[in-house]
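Here the structure comes first, spelled out in structure tokens, and everything after it is commentary.
The values are calculated or read from the model by the stated rules, or taken from the named source; none is laboratory data. None of the values given here were measured: they were computed from a predicted structure. Don't worry about glycine lacking a Cβ; one is built from the backbone with ideal geometry, like all the others, and counts go over all protein chains shown. Quick note on the areas: whole protein, heavy atoms, side chains included, nothing else; ligands and nucleic acids left out. Shrake-Rupley method; radii C 1.70, N 1.55, O 1.52, S 1.80 Å.
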Amino acid sequence: MELKYRAPEGMNDVLPESSHLWQYVEARWRDHCHRYGYGEIRTPIMESAALFERSVGETSDIVSKEMYVLERGEERFALKPEGTAPVVRAYLEHGLHAGGGVQKLYYITPFFRGERPQKGRYRQAHQFGAEIIGAAHPLADAELLAMVMAFFAGLGVPDSALQLRLNTIGCPECRPAYRDGIRQFGQANFARLCSTCQSRLERNPLRILDCKVCVAITADAPPIDPYLCDGCRTHFETLQGLLKTLGVGYVRDPRLVRGLDYYTRTTFEVVAEQGLGAQNALCGGGRYDGLVEQLGGAPTPALGVGIGVERTLLVLHALNAPLPEPPRLDAFVVAFGDAARPIALQIAQQLRMAGIACDLDLEGRSPKAQMRLANRTGARYAILLGETELQTATATVKDLASHEQTAVTQAELAAWIRQRLP
Ligand code: HAM
């Protein structure tokens, strides 16, 4: 069959054979966030394009090259290319700051980036996100990092399979001098830089630090440390002390500048040693102390993380981490003869109302074909309904593993099955 329609390139269907794995990691993320005192936030699939231009940054790759922009009349929207700016927009729009204190918000969201698809990189992907708004102290950074690492550990990913990379990129007070330092370094090495980095040098020089092509050149770039202001230095030192206290291992990565413009001070990524190939970042995040103000609010420190859901699943598969089996049917109702079909449907309905997962043939198949189907679904019990059963208002329950058969009255059937389910 020649397919007339296909999913858009880089956008994937999740089929029943794997959707239970999505449900599993999603449930783990919800549970995990709840344990750390977060509430869930859901924001629209699209926002005003200007929101991302202002926050992620017009010169960032995400906004300048990858954003899906939709125009309708006078309005310009963008399919969200990330989750943080919408959360901050909602925080301001609903006055979540009004009660004072810290807001901890988590989400599970699709996001859209028109990148070249490859393993672990899609045009529609999904993120587990967590944002802490209103906390300036490095305690918040430490808690967030410990939470992220504990999430992966809870999924059965050993620490040895991951590396937490940590950096600071300073603040608007100290970063301009560092940016100038990197620009000068870039200009001194201009001819050796790739053409993308050459053009970045004017507007976004720090980005040359995370260019994979120019690694050998930027290895000699000056580190930020001597440029840091007292506030940023103390913040970073305190954070590192807290991570030691919590036993969270990390490596300092002076190149970790991140591709979104809103970051200040702490930046981090967790990379997987295997399973992801070139796209090895499982998650990324950091502080964005200026973003709330930039979007129209009062100066409010904040930080957060985005974890790639697809990449998490790829790593779990690659490491043979424990994953749940697809959900199994408890029962399959088999009708012997046409007269039994309506009763089979009625009994199936009653069992379902009683919380038992059950199914039946909907095509009028022969009893033999129905039994085959019952076995194929992996159901625990087949509920057999023939003439005798109809006359006596009973059902024959067949355990499909042991083949043992028991006669049970139709009235007691649900209770009988429920008692025997794990
Ligand atoms: P990000 O680093 O752009 O950060 O994305 C976070 C994670 O999403 C990445 O580490 C990766 O696992 C996954 N990811 C990114 N792009 C793709 C893609 N094309 N296909 C599959 N997975 C992808 C952010 O988006 C920030 N909003 C994170 C954040 C939250 N910072 C503060 N709060």
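Worth a mention:
- Phi to ³J(HN,Hα) by Karplus 6.51 cos²θ - 1.76 cosθ + 1.60 over the range 97-104, Hz, x for Gly, Pro: 7, 4, x, x, x, 9, 9, 10
- Estimated FRET transfer efficiency when R0 is 30 angstrom, pair GLU71-GLU26 (beta carbons, to 0.05): 0.40
- Treating r as the C-beta distance of ARG203 and LEU323 and R0 as 41 Å, the FRET efficiency rounds to 0.40.
- Distance cut-off 37 Å, percentage of C-alpha pairs in the chain lying past it: 40
- Loop GluC sites (Glu not before Pro), the range 334-422, which have at most 10 other Cβ atoms in a 10 Å radius of their Cβ (DSSP): GLU363, GLU404
- Mean separation of Cα contacts under 8 Å, 6 or more apart, over the residue count of the range 135-227: relative contact order %: 25
- As a rough guide to protection, the peptides 205-212, 336-343, 225-232 ranked by mean Cβ packing within 10 Å, highest first, stand as 205-212, 225-232, 336-343.
- Counted residue by residue at 0.36 nm each, then reduced by the alpha carbon distance between them, the extension gain from ARG420 to ALA369 reaches 15.8 nm.
- Normalised per residue, the accessible area of the chain is 49 Å², obtained with a 1.4 Å probe and no contribution from ligands, DNA or RNA.
- Bridging of LYS398 to lysines at a Cα separation below 19 Å is possible for LYS368, once same-chain residues fewer than 8 apart are set aside.
- Of the residues ARG113, ARG121, ARG76, the one that moves most in a GNM of the chain with alpha-carbon contacts below 10 Å is ARG76.
- Over the range 331-420, the ratio between the Cα radius of gyration and 2.2 N^0.38 Å evaluates to 0.95.
- Where chymotrypsin sites (Phe, Trp or Tyr not before Pro) fall in DSSP loop in the range 4-101, at most 15 other Cβ within 10 Å: TYR5
- As a calculated quantity, the FRET efficiency between GLU93 and HIS137 at R0 = 22 Å, using C-beta atoms, amounts to about 0.25.
- Pairwise centroid distance, computed over Cα atoms, of the range 242-262 with the range 97-175, Å: 11
- Of the solvent-accessible surface of the chain, computed with a 1.4 Å probe and all protein chains present, 51% belongs to carbon and sulfur.
- Whole-Hz ³J(HN,Hα) from phi, Karplus 6.51 cos²θ - 1.76 cosθ + 1.60, for the range 162-174, glycine and proline x: 10, 9, 8, 9, 10, 8, 10, 10, x, 9, x, 6, 9
- A simple packing score, the average count of other Cβ atoms within 10 Å per residue, orders the peptides 233-241, 129-137 as 129-137, 233-241, with the highest score first.
- For the range 331-420, share of DSSP beta bridges that run antiparallel, in % to the nearest 5: 55
- Over the chain: helical MRE at 222 nm, DSSP H runs n ≥ 4 each giving -39500 (n - 2.57), nearest 500: -10500 deg cm²/dmol
- Cα centroid separation, the range 316-387 to the range 24-95: 42 Å.
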